[in-house]
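The values are calculated or read from the model by the stated rules, or taken from the named source; none is laboratory data. Computed from a predicted model, the values in this text were never measured in an experiment. As a convention, Cβ positions derive from the backbone with ideal geometry for all residues, glycine included, and neighbour counts pool all protein chains shown. Note: accessible area is taken over every heavy atom of the protein model, side chains too, but ligands, DNA and RNA are not part of it. Shrake-Rupley method; radii C 1.70, N 1.55, O 1.52, S 1.80 Å.
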Amino acid sequence: MHFWKFLFIIWVLSVSASQVSALTYNDELPVNSSFKEVSDVNTSAAKLLQDYVESYGEKINSLLDSYASENTEIITLVNSSLKQMSRSLDIIQYKSVDPDVVNSVIKSVVSDLKTINNKMKVYLEQERQLYLLRLETSKNTYIRIASKISEILDNLIDTISHSLVQKESLSEKEKTIVRSLVIIREQNNKIKDFKNISFSSRQEMKQYFQDIIFTIKGEINSMK
């Protein structure tokens with residue numbers, strides 16, 4: 001089931017990429033000191049739009065980073081378009097531009113932003129789904145490994161505990177072993193509970209196990 005879902009997502013991504021790649025933003029702004037100054041209204045509009053363009057670019061790049069996106073073609077195309085928009089809007093604010101083309105440029109930016117935003121909504125959702133599939137695959141791998149480790153620890157705890165309960169009194173060293181076994185059992189319960197925990201990244205899963213293994217190693221060393 002996951003295999004066919006994966007293939008479908010890949011197909012949608014390829015369609016989205018081809019649609020966004022068709023977008024271009026190549027408005028060449030005529031600059032000349034003889035032109036009248038751009039109106040305050042258009043200057044303000046250009047500033048607001050530029051702020052939005054840059055903020056939007058940061059947002060989608062941040063989302064793709066969090067999804068560990070491996071498809072860079074589409075985001076490269078979008079980033080290129082957004083940078084060109086920002087440059088054109090910057091020129092409108094600070095240079096002498098033909099007033100006759102300023103309105104059309106601003107309208108073009110707004111139109112292109114709407115188009116990009118619609119395409120990116122689909123793309124980002126598909127990237128999110130792919131990320132969740134990769135995360136699930138990683139978690140299932142960890143679950144299999146965790147099951148084997150937990151079984152080994154159960155046997156270790158049972159074997160040592162069985163020998164200790166046979167004794168009427170315990171030495172200080174044996175009491176230390178008992179305390180370590182309690183901690184190891186607690187860590188083993190964390191391993192068993194791994195499958196019930198929601199993780200937002202593979203790094204979180206890795207860190208979860210690293211902390212447990214570090215604690216268990218420390219207790220095993222103290223038992224020697």
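Report, ordered by chain and residue number, the aspartates and glutamates lying within cross-link reach of LYS107, taken as a straight Cα distance under 18 Å and ignoring same-chain residues fewer than 8 apart.
ASP27, GLU28, ASP40, ASP51, GLU54, ASP90, ASP98
Can you work out the accessible area per residue across the range 55-94, with the rest of the protein chains kept in place, probe 1.4 Å, in square angstrom?
Ligands and nucleic acids excluded, the result is 54 Å² per residue.
For the range 122-224, what does the convex hull of the Cα positions come to per residue, in cubic angstrom?
With only Cα atoms used, the range 122-224 gives 79 Å³ per residue.
Excluding THR43 itself, calculate the net charge of residues whose Cβ lies under 12 Å from the Cβ of THR43, where each Lys or Arg counts +1 and each Asp or Glu counts -1.
Net charge around THR43: -1.
Could you pull the Cα extents of the range 84-165 along its three principal axes, largest to smallest, in whole Å?
Largest first, the range 84-165 extends 92, 25, 15 Å along its Cα principal axes.
Apply the Karplus curve 6.51 cos²θ - 1.76 cosθ + 1.60, θ = phi - 60°, to the phi angles in the range 43-56 and return the couplings in whole Hz, x for Gly and Pro.
So the Karplus estimates, Gly and Pro as x, are 5, 5, 4, 5, 5, 4, 5, 4, 4, 5, 4, 5, 5, 5 Hz.
Would you count, across the range 120-197, every pair of lysines whose alpha carbons are under 29 angstrom apart, provided the pair is eight or more residues apart or spans two chains?
Count of close lysine pairs: 15.
Given 5 Å bins starting at zero, what is the percent of C-alpha pairs of the range 113-159 in each, up to the one with the largest pair distance?
5, 18, 12, 11, 10, 9, 8, 7, 6, 5, 4, 3, 2, 0
To the nearest 0.05, how large is the calculated FRET efficiency for ARG87 and THR141 if R₀ is 41 Å and r is the Cβ-Cβ distance?
0.35
Within straight cross-link reach of LYS206, meaning Cα distance under 15 Å, which aspartates and glutamates are found once same-chain residues fewer than 8 apart are removed?
Straight-line reach from LYS206, under 15 Å: GLU136, ASP193.
Accessible area per residue for the range 150-211 in Å², computed with a 1.4 Å probe and the full protein assembly in place, what is it?
67
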